[in-house]
Structure formats: C-alpha cells, structure tokens
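Reviewing the structure listed below.
The values are calculated or read from the model by the stated rules, or taken from the named source; none is laboratory data. Just so you know, these numbers come straight off a predicted model, no measurement behind them. Quick reminder, even Gly has a Cβ in these numbers, built from the backbone with ideal geometry, and neighbours come from all protein chains shown.
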Amino acid sequence: MKIERIHRIVGLWMVLLSPFTFHLSPCLAQTSMLSIGVRGGGQTYLPTAAVGATGEVRPGFGGAGGLDLRYTYYGSVGGQAELGCAIGAGFGYGVAPLKGSNTDNFTNTDYLGNTIDYTINSDFTQRDKFAKIDLSLLFAIRLNGFTLNVGPRFMLPLAANRSLTINEANIDAYYPAYDVHVVNQLITGKLETPYTENRPSNISKYHLLVAAEIGYEWRLTNQHALGVQLFAEAAVWSKQSSISNYQSPMISVAPISNANDPVPVVTIGSVESFVAHRRYLDFGIRAYYAFNIEHVVEHRFKPRGDSRLHRNRYYWW
C-alpha cells in the first residue's frame, strides 16, 4: 500500500513537471549529472497565535545542516540554456525554536479564605530538535553556469525531542482585602529562572514544502563541476500530530490550602495552548560536487583492444 502511494506521489510530480519537460526529447544534447552536496543554514517556525491567546509567540532561529544526493537530467534547448528535472534525497539535523511572552491572570484563595489575584508575566523559549529526511523533484535550469531549481520537497522529521525554557517569570500575588502585593515569594509562589524541562515532542509528522535554489556552477572539466546555491523552502501543508491542549495558564500557582505547608505548587503549562498552527521554514547555502554519469559509465564499460564491437561486446573490464 505504501509503495502504491509513493508511485501516486511521484506520478503527480511528473504531471506537474511535464509542461516544462515535454519538449526535451528532441534536444540536440542531453546530460545526466549526479551530485553530492552539503547544506547548512537555519530553520524556524512561523507561528500563528490562537484566538483569545493572552500572550504572543514569534519565530526563533535555530541551526540546521545535512547531506544530499541528487540526480539531474538536462536537455539543451539551444545555445547554453539547459532545462530538465532534479530528483534528490537528503538527510539532516537541526533545531527549530519558538519564542514568546505571556501574561496569566487568575484568582486563588489561601487557607484563611483570603482571595489572591495573580498576575504572572513570563518569557519563554521552546526548542524542537530533530533529524529529517527529504525527497524532492525539482524543475531545473542551467544557463552559462547560472542554476535555478524550483519545485516540491517532502520532508519527514525523525527522532524529535523538545525542551521548554522559562527565561523569566514574575509572579505577583495581590491581596485585595489588604491592598498588598507579594511578588516572587515562596509563600505565594516563586519560580527560579531560567527554568528548563524536556517534554515529549508533538511536531508535525511530515511536511510538503515548496523549495527554491539559486546559484552558480563552475565547470572543472567538461564532465565535472562544483556548485554553490542559496536555498529556501517553506511548508505549504503539514500533517500535524495530536496536540494536548491543556487550556491552562503558561504558569499557574495552586491554592494555599495547607497551613502546615503553605508553599504552593507552581506548575508550567504548554505553549501549544495558545499556538493555533505553525509553518515550517528552512533556508541556507548548499555546496556540491557533480559529475556526468554517462561519461563515467562510458569510460568504465568501453571495450578495450579490438575495436570490432561485435566480438568484444561482453568484454567491459
């Protein structure tokens, strides 16, 4: 069943690319290149706050890097212009942070029945760390060394883990009956910052990206080249894993109900409770080495000695 789905996806990409590549068959020259590259840069999320959220959430930028292997087919369309498609696979690892601030307001009581109005201001950073594999099928252009690749890329995160850090927290407990503010005290709630805890990750299971790469390629010989490209890719669709929406404050303080142990418990909530959705974004530089596959195959399998091919067609080595 999975193989059938892969075939359908590949078939869809080929249909999308067909308007650009159907004319390559009668080209005067065709080239098949295999490239091995490294990519480095940054990645992040572009988040949208949930309706009614009491704080703000914004992107934080983390590093990312990886390797990729790519097959590119070019057909000459006259002069130095070449058009074709690139099929690639890659593996990498990186960090995608979210940053934000929040204000929580709620009311508690103490063991004497006094009302306590809490106002808690906090600043936080959440980091998703994960490996990733990707598959791509891109429309490719090469012109006098200039290169441009555009198209879809499928990205699958792996081995993800998450950490949440409360950088600052200000817990203000106000007693209306006495007009008294108690700020960051154990008796009414205090959180030592920076406070960090690891959590199960619930990042999207996979992403469908639109990728763009632009750069320049230097020919070392007619059959070998080095290239550098700037790249950027953004998610147009993501499969979101299940989210535990706690619907609770970012930081909450339990009621002071025990006279023998009056220190209340401070609980850290979830960033997900006020993030509606997030869009993955990746960008950076790709450097690669490429060589002509046809030249390598021709060189290795060219008959030696007797030029009469009908006698030596099995003598490849």
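Conditions (1) under 17 Å from Tyr45 (Cβ atoms); (2) in contact with a Pro (Cβ under 7 Å, 6 or more places away or on another chain); (3) small (Gly, Ala, Ser), marked per residue:
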{"residue": "Thr125", "(1), (2), (3)": "yes, yes, no"}
{"residue": "Leu138", "(1), (2), (3)": "no, no, no"}
{"residue": "Asn144", "(1), (2), (3)": "no, no, no"}
{"residue": "Thr147", "(1), (2), (3)": "no, no, no"}
{"residue": "Met155", "(1), (2), (3)": "yes, no, no"}
{"residue": "Leu164", "(1), (2), (3)": "yes, no, no"}
{"residue": "Asn167", "(1), (2), (3)": "no, yes, no"}
{"residue": "Tyr178", "(1), (2), (3)": "no, no, no"}
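Taking segment 31-85 as the region of interest, how many residues are touching a Phe, Trp or Tyr at 6+ places or on another chain (Cβ under 6 Å) and assigned to a loop (DSSP other than H, G, I, E, B)?
Qualifying residue count for the region: 2.
Which count do you get for residues in segment 60-103 that are within 25 Å of Ser204 (Cα to Cα) and not basic (Lys, Arg)?
Matching residues across segment 60-103 total 25.
Name the residue that is nearest to Ala234 (Cα to Cα), counting only residues in segment 47-79 that are of a type in the set (Gly, Ala, Ser) and touching a Leu at 6+ places or on another chain (Cβ under 9 Å).
Gly60
Among the residues that make up segment 72-86, is at least one of them modelled with pLDDT of 95 or more, of a type in the set (Asp, Glu) and closer than 20 Å to Ala212 by Cα?
Checking segment 72-86: not a single residue is modelled with pLDDT of 95 or more, of a type in the set (Asp, Glu) and closer than 20 Å to Ala212 by Cα.
Does segment 150-166 contain at least one residue that is at pLDDT 95 or above and more than 21 Å from the chain's Cα centre (by Cα)?
yes
Consider Tyr206 carefully, then state whether it is within 30 Å of Asn114 (Cβ to Cβ) and aromatic (Phe, Trp, Tyr).
no
Taking Leu34, is it under 17 Å from the mean Cα position of the chain (by Cα) and either within 26 Å of Arg162 (Cα to Cα) or of a type outside the set (Asp, Glu) (or both)?
no
Which of the residues that make up segment 108-148 are aromatic (Phe, Trp, Tyr) and either at pLDDT 95 or above or buried (at least 18 other Cβ atoms within 10 Å of the Cβ) (or both)?
Tyr118, Phe124, Phe130, Phe139, Phe146, listed by residue number.
Can you find even one residue in segment 165-178 that is surrounded by 15 or more Cβ atoms within 10 Å (Cβ to Cβ) and among the acidic types (Asp, Glu)?
The answer is yes; a qualifying residue exists.
Can you name every residue in segment 28-57 that is loosely packed, with under 14 Cβ neighbours inside 10 Å, on the phi < 0 side of the Ramachandran plot, out of contact with any Ser or Thr (no Cβ under 9 Å at 6 or more places or on another chain) and of a type outside the set (A, V, I, L, M, F, W, C)?
Thr48
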